[in-house]
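Everything below concerns the one structure shown next.
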Amino acid sequence: MPTTDLGRLFRYAISGGASAATHFGVGLALTGAGVRPVVASTAGFVASIAVSYALQHAWVFRSSAGHAVAGSKFLTVTAAAFLLNTAVLWVGTELLDGPFALVQAVALVAIPVLNYTLNSRWTFASVLDKS
């Protein structure tokens, strides 16, 4: 694997951590302020999408793609990840009667692979920095 790919993967991991911290932090802050948990988590999730998109566009993939195009593609990939999560959870817990934690762990490995693959090859593929 070229070093540029390793650097991009490292940046992707950092941006994913920032996105997860945003989701959790916003949700925690809002529940602490009395907002119902589902609403708080939803707000955190939306905030995490914004953080993830901004970091991936500017830093991870260093894309020059316009926000109208890249943003809509990014949201499409996010929707695909949500569908993958739902499918893995349904098959794993409903059809195979597997334990939630194990099945969710499988989904949490599969989702970043899907996201990275689609975002690197489609969402931000117009111009990728080769450094």
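Throughout, read-outs are computed from the coordinates displayed, never taken from laboratory work. The structure presented is a predicted model; accordingly, all values stated were derived computationally and were not measured. Quick reminder, even Gly has a Cβ in these numbers, built from the backbone with ideal geometry, and neighbours come from all protein chains shown.
Kindly indicate the residue of the range 6-62 that is polar (S, T, N, Q) and in contact (Cβ under 8 Å) with a residue 40 or more places away in the chain and also surrounded by the most Cβ atoms within 10 Å (Cβ to Cβ) among those meeting that condition.
Filtering the range 6-62 for residues polar (S, T, N, Q) gives 15, 19, 22, 31, 41-42, 48, 52, 56.
Okay, now just the ones that are also in contact (Cβ under 8 Å) with a residue 40 or more places away in the chain, so 15, 56.
Working: SER15: 21, GLN56: 27.
Among residues in the range 6-62 that are polar (S, T, N, Q) and in contact (Cβ under 8 Å) with a residue 40 or more places away in the chain, the one surrounded by the most Cβ atoms within 10 Å (Cβ to Cβ) is GLN56.
Return the total of residues in the range 44-69 being part of a helix (DSSP H, G or I), among the small types (Gly, Ala, Ser) and in contact with a helix residue (DSSP H, G or I) (Cβ under 6 Å, 6 or more places away or on another chain). Before the answer, list the steps.
Let us first name the residues in the range 44-69 that are part of a helix (DSSP H, G or I), namely 44-60, 67-69.
From what is left, the residues that are among the small types (Gly, Ala, Ser) are 44, 47-48, 50, 52, 54, 58, 68.
Next, only the ones that are in contact with a helix residue (DSSP H, G or I) (Cβ under 6 Å, 6 or more places away or on another chain) stay: 44, 47-48, 52.
Result for the range 44-69: 4.
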**OP:** Would you confirm whether any residue within the range 112-123 is small (Gly, Ala, Ser), out of contact with any His (no Cβ under 8 Å at 6 or more places or on another chain) and free of Cβ contacts under 8 Å to residues at least 40 places away in the same chain?
**Re:** no
